[in-house]
Amino acid sequence: MTRRSCAVYAVGIICAHLLVIGIGLFVAQTFRTLMHNRLKKEIVLVEGSRVFASWKTPPPPVYMEFFFFNVTNVPEFLEGAKPVLNQVGPYTYREYRYKDNVSMVENDTMVSAYNTKSFVFMRERSVGDPAEDNITTVNIPLWAVMSKAKGFMKVTMANFMISATGSQLFITRSVDELLWGYEDPMLSRISQSSPEVEKIFGLMYKKNGTNDGEFVYHTGVQNYMDYGRVETWKGQSELTFWSTEQSNSINGSDGSAFHPLLDKNERIYIFTPDLCRTIYMEFEKDVEVNGIPAYRFTPPRSVLASKEENPANEGFCVTPQECLGTGLLKVSPCRKGAPVVASFPHFYLADDQYPDAIEGMSPQREHHQTFLDLNPTTGVIVRANKRAQINILLSRMSGFPKTRNLNTVFPVMFLNESVVIDDASAAKVQKLLLIVTLVSNFPLIIVGLGVIMLFVFIILLLRARRQKNEVKRIVFTKPTYATSAEDDTSYSPVNDKEKDDPQNGTYIGLTPKPDPQA
């Protein structure tokens, strides 16, 4: 094979390899697209899909921890001193949740369900017995009655009932009573003339074994980005508690399901009935849970920022005069008018004035931040901590002398609802991720092998060419024969003709060596 034909052959081989690599890259992208489309079809809220059963009955254990604030200087506080609070907790409950009355609607494009929750106390995870441990805190029913008493007649009647029932601004009750309910004397008196008023008050009253009302969710069949998105709550597509359309909007999921193929740059919206509004979360960092990669999303400061700091939050002001600072949300419109204020625990992300006004507040991100760790490929929750604090707005009220020195957002309790993916669920997610990775990268593996083979071919071609050049540079020379003392004969040219003889050997004369002994 000539040098020219070898070069043409080599170029042809290289071009063929490059073509294979190009085709491989195209096939890899096509495989990846097909796999993503497969994920979009598998992760839908339809009977028989990979996620439907776990959506109806989440397998990982969920724990609800309650922390109370026990006030130790009530008389001094009523006289104007800074309140001194001690945190007591956790009192931990195993939370069992499942979707009830699930039914498909709109040709499987939507699904309706009720989120039912029940709680079982876990002594081994708690600091004490909730039936025996007492907490001194704000008398919330009394403050609710006083805040609604407007006008001379209602104030006078309220003062009469306060005196008749012996109600005080602060009470001491067991953890069980504060959580699950007790019969309040003030409410009992009012219910005699207003049967619609509940006699029982508790922070978690009627929340054990019950639900928050009917949700209608998008299944994600039409658009994977809509997977788990709330369409309506209690038959409404928007709220009526707030003053602007944006504030009343119902966006995102209910926090139990998120669409696959998450992006770090997107905002995650969550509608939460407990806060009577939609909140949003943003990407914070990459994490790993039980070997599963995840994105951590957390609410930024702007979610509960003041209207001055975030004008979009102006709609959450109950009135222009009742617009609290950053880190607080007054939820009285959806709490029957009670002066309830929501925040993050210990006023995390709030203006400094709020934790500074209370002795015992120490906001820390590690212990008080709300976050979601989501696997970006599947959207599965691998770890989460939902933390919120319940406060009561204590302020001076006309007609009630004991409130004259009060102007504080007073912490009552905060909760931590947490979940970490269990081993069985983690194994399923890891298996799914492995399949996705292998299928998506299989064409790239072929491309990689093609690249390796191309390099090997080029190296062998260069080596063969180098060896051929080395052979051409070899110079062959005539050997020289040297004689030694042991040789018996020697030769020499007989005459000049021999030197000129081109045949070199036709006229060689042999002469015997002289005998040294002669």
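Ignoring ligands, DNA and RNA, what accessible area per residue does segment 60-421 give at 1.4 Å, in Å²?
Ligands and nucleic acids excluded, the figure is 44 Å² per residue.
Please turn the phi angles of segment 87-104 into ³J(HN,Hα) values with the Karplus equation 6.51 cos²θ - 1.76 cosθ + 1.60 (θ = phi - 60°), one per residue in order, whole Hz, x for glycine and proline.
3J(HN,Hα) across segment 87-104, in whole Hz: 7, 10, x, x, 10, 9, 10, 7, 9, 9, 10, 7, 8, 10, 6, 6, 8, 7.
From the cross-link list Lys82/Lys207; Lys336/Lys386; Lys264/Lys330; Lys99/Lys330, which pairs have alpha carbons spaced over 26 Å apart?
Long pairs (Cα-Cα over 26 Å): Lys82/Lys207; Lys264/Lys330; Lys99/Lys330.
Once both labels are modelled 7 Å past Cα along the beta-carbon direction, what's the Asp263-Cys323 spacing in nm?
3.3
Could you pull out the trypsin sites (Lys or Arg not before Pro) across segment 182-221 that fall in loop regions by DSSP (anything but H, G, I, E, B) with no more than 12 other Cβ atoms inside 10 Å?
Answer by residue number: Lys206.
With a Förster radius of 56 Å, plug the Cβ-Cβ distance of Lys148 and Ala427 into 1/(1 + (r/R0)^6) and report the FRET value to the nearest 0.05. Could the numbers behind the result be given before it?
Values: r = 54 Å, r/R0 = 0.97.
The calculated FRET efficiency here is 0.55.
Please go through segment 218-301 and write out the GluC sites (Glu not before Pro) that DSSP classes as loop and that have at most 12 other C-beta atoms within 10 Å.
Passing both the DSSP loop test and the Cβ count: Glu245.
Mind checking the dipole of segment 354-411: about its Cα centre, +1 per Lys or Arg Cβ, -1 per Asp or Glu Cβ, Debye to the nearest 20?
With Lys and Arg at +1 and Asp and Glu at -1, about 260 debye.
From the phi angles alone, apply the Karplus equation (6.51, -1.76, 1.60; θ = phi - 60°) to segment 226-237 and give each ³J(HN,Hα) in whole Hz, x where the residue is Gly or Pro.
Each residue's phi maps through the Karplus curve to give 8, 4, x, 6, 6, 8, 9, 10, 6, x, 10, 8 Hz.
Net charge near Thr172: determine it from the other residues with C-beta under 15 Å of the C-beta of Thr172, scoring Lys and Arg +1 and Asp and Glu -1.
So the environment of Thr172 carries a net charge of -4.
What do you get for GluC sites (Glu not before Pro) in segment 75-122 restricted to DSSP loop and a cutoff of at most 14 other Cβ within 10 Å of the site's Cβ?
Loop-located and lightly packed - Glu79, Glu106.
For segment 60-421, with only Lys/Arg (+1) and Asp/Glu (-1) charged at the beta-carbon, what is the dipole magnitude about the Cα centre, in debye rounded to 20?
860
I'd like the distance separating the alpha-carbon centroids of segment 362-416 and segment 219-283, in whole Å.
21
Net charge within 14 Å of Ile279 by Cβ-Cβ distance, Lys/Arg positive one each and Asp/Glu negative one each, not counting Ile279 itself?
That works out to +2.
Nothing charged except the Cβ atoms of Lys and Arg (+1) and of Asp and Glu (-1): what's the magnitude of the dipole of segment 306-440 about its Cα centre? Round to the nearest 20 debye. Mind dumping the intermediate values first?
Working: 13 positive and 13 negative charges, 102 e Å.
Computed about the Cα centre, the dipole is about 500 debye.
Applying a 10 Å radius around every beta-carbon, put 146-157, 57-68, 342-353 in order of their mean neighbour count, most first.
By packing density, highest mean first, the sequence is 342-353, 57-68, 146-157.
The values are calculated or read from the model by the stated rules, or taken from the named source; none is laboratory data. Everything numeric here is computed off the predicted structure, so don't read it as measured data. Using ideal geometry, Cβ is built from the backbone for each residue, glycine included, and neighbour counts are taken over all protein chains shown. For accessibility, only protein heavy atoms count, side chains too; no ligands or nucleic acids. Shrake-Rupley method; radii C 1.70, N 1.55, O 1.52, S 1.80 Å.
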